[in-house]
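Right, one structure below, let's go through it.
The values are calculated or read from the model by the stated rules, or taken from the named source; none is laboratory data. These numbers were taken from a predicted model, which means no experiment stands behind them. Cβ coordinates were reconstructed from backbone atoms using ideal geometry, including for glycine residues, and neighbour counts include every protein chain displayed.
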Amino acid sequence: MPLIAQSSYRKAPLWQWNGHLQTIMPALTRGKIRAPWERERLELSDGDFVDLDWLAAGVSRRLVLLSHGLEGNSQRSYIQGMARFFHLQGWDALAWNCRSCSGEMNRKLRLYHHGEIEDLGEVVRHALRTKDYEQIVLIGFSMGGSMLLKYLGVHGRHLPPAVRKGIAFSAPCDLEASIRALEQPGNKFYCNRFYKRLRAKIERKAQQFPQAIDLSKFEQVRCWRDFDQFFSVPINGFASVEEFYYQASCVHFMEGIRIPALLVNAQNDPILAPECSPRGLCERHPYIFLEMPRQGGHVGFTVHRHPYSWMEYRAETFVAEGR
């Protein structure tokens, strides 16, 4: 499918003059939209759980299923905005919180990562059992976008028939390349923020499983690869950091996608490397649309003087037109 040559997102407000401001400011200013969630706990097949937040529209048989980014949750403004936008048009919305992200630590040693699709699959199946939806659209942001693209690629033609489209915004399709971008000097703010939150979570997890986690390894962490080697790999059951990076990079699985999928990565996204926007794959693939606005930042895409972002409108167009 040809690349989308000209994005409908033209430019950010003048006061967001670079990719950093276009990334940071939307998270601070989009505070007016709130989704009145109804929470449900889903017991998983391995004995763990994830918490689901529903926004029901009544008798709708259409569902948008939303996946958040790294250390995010259903309270993030981008999740709530998308949920409210589609809810007002008669859709049900379901935002699922990855293990440990709903405000309560999960039971098992295993946490979550960019390539985790088993839990997403259980959430989809549960939604179909709960209500016999005719149409499900998967929408993910950053890490959540990577998850859904891998899920669509791995399952290919064997997806539940109700799953019709997937939409990923600011997805780090190549995780190792994205980590290299994150470690650039100008991205210290994001790097420190993620590291601080993930370290606190690992320390809490070590209280549950003191024999499985060696907190002294933090003294040896000099880069993200070290963090992943010492913590992400053993906690999530991988044999090596190389296996982890391969499995957590959806670009290795997107070839199998067999429903329309939209990937939107801004060219000025400060924490995505060029490898995260696989032009060659998307140019020849019949189902994947790649859109690369010149501006937008990372999960930003502000619309001037409007409570919703461009992401909501772009998702609506793709759902309606399939391109």
Only one of (1) more than 22 Å from Val64 (Cα to Cα); (2) among the basic types (Lys, Arg); (3) under 18 Å from the mean Cα position of the chain (by Cα) does not apply to Arg314, and that is (1)
If a residue has to be surrounded by 14 or more Cβ atoms within 10 Å (Cβ to Cβ), out of contact with any Pro (no Cβ under 9 Å at 6 or more places or on another chain), in contact (Cβ under 8 Å) with a residue 40 or more places away in the chain and not aliphatic (A, V, I, L, M) to count, how many in region 23-50 make the cut? 4
Checking Leu109 against (1) in contact with a Leu (Cβ under 9 Å, 6 or more places away or on another chain); (2) of a type in the set (A, V, I, L, M, F, W, C); (3) not in a helix (DSSP H, G or I), only one condition comes out false. Which one? (1)
Quick check on region 272-323: of everything there that is of a type in the set (Lys, Arg) and either assigned to a helix (DSSP H, G or I) or buried (at least 21 other Cβ atoms within 10 Å of the Cβ) (or both), which residue is modelled with the highest pLDDT? Arg314
Just need a number here: residues in region 8-35 that are part of a loop (DSSP other than H, G, I, E, B) and under 21 Å from the mean Cα position of the chain (by Cα). 6
For region 170-187, state whether one or more residues are under 19 Å from Val319 (Cβ atoms), out of contact with any His (no Cβ under 8 Å at 6 or more places or on another chain), outside any helix (DSSP H, G or I) and touching a residue at least 24 places away in the same chain (Cβ under 8 Å). yes
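Has region 41-64 got any residue that is under 26 Å from Ser232 (Cα atoms), part of a loop (DSSP other than H, G, I, E, B) and either touching a Cys at 6+ places or on another chain (Cβ under 7 Å) or of a type in the set (Asp, Glu) (or both)? Give the derivation first.
Filtering region 41-64 for residues under 26 Å from Ser232 (Cα atoms) gives 41-52.
Going one step further and asking which of them are part of a loop (DSSP other than H, G, I, E, B), we end up with 44-48.
When the remaining residues are screened for being either touching a Cys at 6+ places or on another chain (Cβ under 7 Å) or of a type in the set (Asp, Glu) (or both), the result is 46, 48.
Yes: one or more hits.
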